[in-house]
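Encoded as structure tokens, the structure appears first; notes follow it.
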Amino acid sequence: MDNERQQVEITGLVQGVGFRPFVYRLANECKLDGWVANHSGGVRIEVEGDPQIIAKFLRRLAQEKPSHSQIFSIHTKLMPMQGDGGFEIRESTANSQKSTLILPDLAPCDHCLAELADPGNRRHNYPFINCTLCGPRFSIIDTLPYDRANTTMSEFALCEECRKEYTTPSDRRFHAEPNACPQCGPELQLTSREGNTLAVNNEALDSALAAISKGQVVALKGVGGFQLLVDAADGQALEQLRKRKHRPHKPFALLYSSLEAVRRDCQISKLESVLLVSRERPIVLLEAKAEARHRVHSLVAPDSPELGVMLPASPLHQLLTQKYGAPLVATSGNLAEEPICIENNEALERLGKIADCFLIHNRQILRPLDDSVLRVIENRPLMLRRARGFAPLPLVRPQITQENTENNRTYLALGADLKNTVALSRSGWIYSSQHIGDLGNATSVERFDQAIEELTSFQQCEPQTLIHDLHPGYTSHRWAQKKSAAKLGVQHHTAHFFSCMAEHNYVGSALGICWDGTGYDSSGVVRGGEFLHWNGASTVKRIASLRTFPLPGGEKAVREPRRAAAGLLFEISGFVALQHDLLKRCFSRSERRNLVTMLKGEINSPQCSSAGRLFDAVAALLGLSSHISYEGQAAMAIEHSARGIQSPDAYPFDLQRRGNQWQLDWAPSVSALIYDEERSLPQRAAVFHNTLAQMILSVAIEVGESQVFLSGGVFQNKRLTETVAKLLRQNNFTVHCHSLVPPNDGGIALGQVYYAHCMAAAGQPLGG
């Protein structure tokens with residue numbers, strides 16, 4: 001049989017993972033001639049030889065690919081013979097369509113860790129060691145294709161030994177773009193608050209550890225931005241950090257050296273251990289053991305039975321934890337509500353009043369990447385914050401876009417204003433940005449603009465339609481209105497519903513249960529306890545909701561659960577409720593007079609159907625929380641209080657038909673909870689969870705829709721989610737929960753995009 005030449009086009013996650021060296025070695029094993037190169041659409045190969053050997057080569061290509069790679073498509077075509085003499089790796093090429101996936105930053109591999117610990121290795125204790133299997137990726141790339149010249153490593157010229165590794169196809173560091181060593185790579189530096197150099201390299205690391213041991217706060221330039229480090233057992237240092245950071249109660253994350261060290265302080269399931277050691281190195285919420293108090297001060301996670309734990313995400317973190325020998329607090333390098341710092345000078349300016357010294361380096365970080373956060377619910381990972389380690393990989397490729405190529409319009413979804421992410425749909429794939437945060441300050445809006453610019457630039461496209469939340473006060477909404485592109489507004493809870501359906505690639509009639517804190521509605525009601533039905537085509541309707549109650553003080557009630565409690569009791573029994581002993585303990589006499597004025601005149605007291613605010617109110621009524629300093633604090637107090645309680649009981653409630661919708665009346669439940677003298681506080685908290693689950697079941701039975709999707713921030717609650725899911729399945733419903741994206745507003749952008757695709761497939765006109 002005559003020889004032939006084939007061109008092979010591969011798309012997928014094939015850059016920065018050692019794919020070209022793998023192809024080079026495989027082609028040589030198969031004795032094929034030709035070449036391989038990165039290009040903007042993926043990897044391109046040309047091979048020449050026996051057709052049967054080429055076929056074998058292509059089979060092995062898919063079967064033996066590098067572990068971190070993902071192949072989405074392989075297309076081949078015959079080419080004219082060229083008679084190459086051997087096989088080579090060529091310089092990258094560019095084409096007109098950039099769709100290559102960029103790899104996230106990867107934790108150090110076992111090979112690099114072994115070299116890091118080897119006194120005889122030239123990279124012994126070098127905090128920037130990496131290879132094709134690990135190291136920085138998304139945090140340092142400027143443009144595609146992924147070559148050293150297009151990263152922040154371009155300013156570091158390779159030394160002779162590193163260049164030899166970089167150019168030797170059989171070497172693990174062949175075309176490892178961040179490749180470096182102590183002679184030619186980035187360097188550590190310890191500085192004072194004023195930016196004066198105190199030490200460099202190994203001495204800088206040792207001096208930083210000494211500062212931590214003395215109770216000081218050290219700002220560390222990590223993988224995707226700055227972190228603030230203190231000794232997890234040092235109460236005085238923790239108190240100082242909380243005061244300086246303006247973060248009185250929200251739990252801090254902990255950095256441990258190894259899985260064995262974590263096991264001393266936490267209960268760890270098999271899945272949780274897999275998540276902890278995964279290449280993404282997320283923060284994982286774990287149940288703390290009683291003995292953890294010997295190494296972890298109570299100020300790390302006040303009043304919480306859980307600890308947020310992570311393992312080293314970089315060689316620098318590895319060296320810090322191993323040398324220190326005890327858990328470290330590693331919290332985001334920012335003031336409360338601000339984005340994390342990524343630049344050295346920016347950190348000195350913004351963190352100068354928080355940190356005592358700064359452990360920095362001279363490798364530039366191009367974009368902020370917070371630590372990702374997961375917890376295990378229903379024996380599945382649940383994403384709470386999607387950033388480092390996961391972004392910028394695409395989320396899903398909806399079946400609906402594959403079946404209908406006309407439905408491949410380019411959409412840019414702008415998400416919500418809290419826990420913001422943005423998402424881009426192009427060529428059937430949905431790409432999400434990393435967690436951006438709350439768009440409440442100028443710095444956050446700059447990060448929002450940057451994320452949009454990068455997302456569209458990497459994919460080389462201009463969005464045809466902008467999708468935004470309907471809330472006219474949202475920064476993302478106003479941003480869209482200033483643009484000339486077509487626009488589509490999507491109601492907040494509709495986006496939550498479709499976000500969960502997108503994860504499961506679901507198309508068809510379904511019931512969405514969307515419970516959260518706040519969602520805009522044109523009626524003026526603050527929505528958040530909603531039941532939506534989709535007919536599988538173009539119609540999405542609200543079919544049920546929680547009974548509304550007033551929120552005296554409006555936005556102020558979000559930070560003061562006592563106000564939600566006052567509104568709840570007022571809704572039940574009018575002004576006499578304000579004389580209730582529970583409210584007398586929470587409000588002064590003058591404050592109660594102001595409440596009467598607001599509620600009587602309906603002044604700054606919007607009606608609310610929010611499950612999140614219902615949790616807040618109950619937390620206040622149970623005496624668990626009258627004021628909070630971070631979102632979800634009151635609801636978490638109820639969840640934690642119910643921990644370990646086994647009870648099938650539920651409080652009474654009413655389900656009433658109001659016009660064409662159902663209303664869940666919580667009033668009987670709240671009255672029963674307040675006057676429940678037989679049960680302890682933890683038992684009442686558990687029964688409250690059961691009651692909410694029974695409410696959900698009652699609506700699901702009335703609707704009769706078998707496919708049920710749970711979304712919204714309330715379903716970050718492990719006890720509630722597992723109770724609801726179990727109850728629904730016992731009654732023959734199919735339950736779908738989140739995993740890939742958060743149920744909170746971090747998943748809104750995905751839902752906005754998926755809604756647009758589903759409506760387009762149903763023939764619904766979009767954009768205007």
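Need a quick list: helices (runs of 4 or more DSSP H) entirely within the stretch 584-650 having at least 3 residues that are modelled with pLDDT of 95 or more, open to solvent by less than 40 Å² (accessible area, probe 1.4 Å) and closer than 30 Å to P682 by Cβ. Give the derivation first.
Working: elements: 589-601, 611-621, 633-641.
Hits in the stretch 584-650: 611-621, 633-641.
When residues of the stretch 545-560 are filtered for being touching a Lys or Arg at 6+ places or on another chain (Cβ under 8 Å) and either under 15 Å from L622 (Cα atoms) or among the basic types (K, R) (or both), how many remain?
1
Looking at (1) open to solvent by 20 Å² or more (accessible area, probe 1.4 Å); (2) touching a residue at least 60 places away in the same chain (Cβ under 8 Å), which one does N196 not meet, given that it meets all the others?
All conditions pass for N196, except number (2).
For the stretch 528-544, what are the residues that are in a strand (DSSP E or B) and either out of contact with any Lys or Arg (no Cβ under 9 Å at 6 or more places or on another chain) or open to solvent by 30 Å² or more (accessible area, probe 1.4 Å) (or both)?
H533, V540, K541, R542, I543, A544
Does V43 satisfy the criteria of being in a loop (DSSP other than H, G, I, E, B) and either without any contact (Cβ under 8 Å) to a residue 24 or more places away in the chain or open to solvent by less than 10 Å² (accessible area, probe 1.4 Å) (or both)?
no
Quick one: is P104 open to solvent by less than 60 Å² (accessible area, probe 1.4 Å) and closer than 24 Å to Q459 by Cβ? Steps first, answer last, please.
Working: open to solvent by less than 60 Å² (accessible area, probe 1.4 Å): yes; closer than 24 Å to Q459 by Cβ: yes.
It is true that P104 is open to solvent by less than 60 Å² (accessible area, probe 1.4 Å) and closer than 24 Å to Q459 by Cβ.
Provide a single number: the residues in the stretch 114-164 that are open to solvent by 10 Å² or more (accessible area, probe 1.4 Å), closer than 24 Å to A204 by Cα and of a type in the set (D, E, K, R).
The number of residues fulfilling the criteria is 4.
Search the stretch 658-670 for residues that are in contact (Cβ under 8 Å) with a residue 12 or more places away in the chain and charged (D, E, K, R) and pair each with any residue that is surrounded by 18 or more Cβ atoms within 10 Å (Cβ to Cβ) and assigned to a loop (DSSP other than H, G, I, E, B) when their beta-carbon atoms are under 7 Å apart and the residues are at least 6 apart or on different chains.
Between residues of the stretch 658-670 that are in contact (Cβ under 8 Å) with a residue 12 or more places away in the chain and charged (D, E, K, R) and residues that are surrounded by 18 or more Cβ atoms within 10 Å (Cβ to Cβ) and assigned to a loop (DSSP other than H, G, I, E, B), the close pairs are D665/R547; D665/F653.
Which ones in the stretch 451-478 are more than 23 Å from the chain's Cα centre (by Cα) and part of a helix (DSSP H, G or I)?
Scanning the stretch 451-478 gives a single hit, R478.
List the number of the failed condition for V490; all other conditions in (1) in contact with a Phe, Trp or Tyr (Cβ under 6 Å, 6 or more places away or on another chain); (2) open to solvent by 40 Å² or more (accessible area, probe 1.4 Å); (3) over 27 Å from F653 (Cβ atoms) hold.
For V490, the failing item is (2).
Pairs needed: first member in the stretch 103-124, without any contact (Cβ under 8 Å) to a residue 12 or more places away in the chain; second member anywhere, assigned to a helix (DSSP H, G or I) and surrounded by 13 or more Cβ atoms within 10 Å (Cβ to Cβ); C-beta distance under 8 Å; at least 6 residues apart or different chains.
N121/E115; H124/E115; H124/L116; H124/A117
Can you name every residue in the stretch 242-285 that is farther than 16 Å from V373 by Cβ and buried (at least 22 other Cβ atoms within 10 Å of the Cβ)?
Once the filter is applied, which keeps residues that are farther than 16 Å from V373 by Cβ and buried (at least 22 other Cβ atoms within 10 Å of the Cβ), the stretch 242-285 yields K245, D265.
Quick check on Q481: is it out of contact with any Gly (no Cβ under 9 Å at 6 or more places or on another chain), open to solvent by less than 20 Å² (accessible area, probe 1.4 Å) and of a type in the set (S, T, N, Q)?
For Q481, the condition - out of contact with any Gly (no Cβ under 9 Å at 6 or more places or on another chain), open to solvent by less than 20 Å² (accessible area, probe 1.4 Å) and of a type in the set (S, T, N, Q) - is not met.
Scan the stretch 509-525 and tell me whether some residue there is aliphatic (A, V, I, L, M) and modelled with pLDDT under 95.
yes
Residues of the stretch 373-382 being surrounded by 21 or more Cβ atoms within 10 Å (Cβ to Cβ) and over 20 Å from F252 (Cβ atoms), which ones?
Of everything in the stretch 373-382, those that are surrounded by 21 or more Cβ atoms within 10 Å (Cβ to Cβ) and over 20 Å from F252 (Cβ atoms) turn out to be I377, L382.
Can you name the residue in the stretch 674-713 that is of a type in the set (D, E) and closer than 18 Å to S647 by Cβ and is also least open to solvent (accessible area, probe 1.4 Å) among such residues?
Ranking the candidates gives D676 first.
Considering (1) within 18 Å of the chain's Cα centre (by Cα); (2) within 23 Å of N379 (Cα to Cα); (3) crowded, with 17+ Cβ neighbours inside 10 Å; (4) of a type in the set (G, A, S), say which one A288 fails and leave the rest.
(1)
The values are calculated or read from the model by the stated rules, or taken from the named source; none is laboratory data. Since we're looking at a predicted model, the values are computed, not measured. Note that each Cβ is placed from the backbone with ideal geometry, even for glycine, and that neighbours are counted across all protein chains shown. Quick note on the areas: whole protein, heavy atoms, side chains included, nothing else; ligands and nucleic acids left out. Shrake-Rupley method; radii C 1.70, N 1.55, O 1.52, S 1.80 Å.
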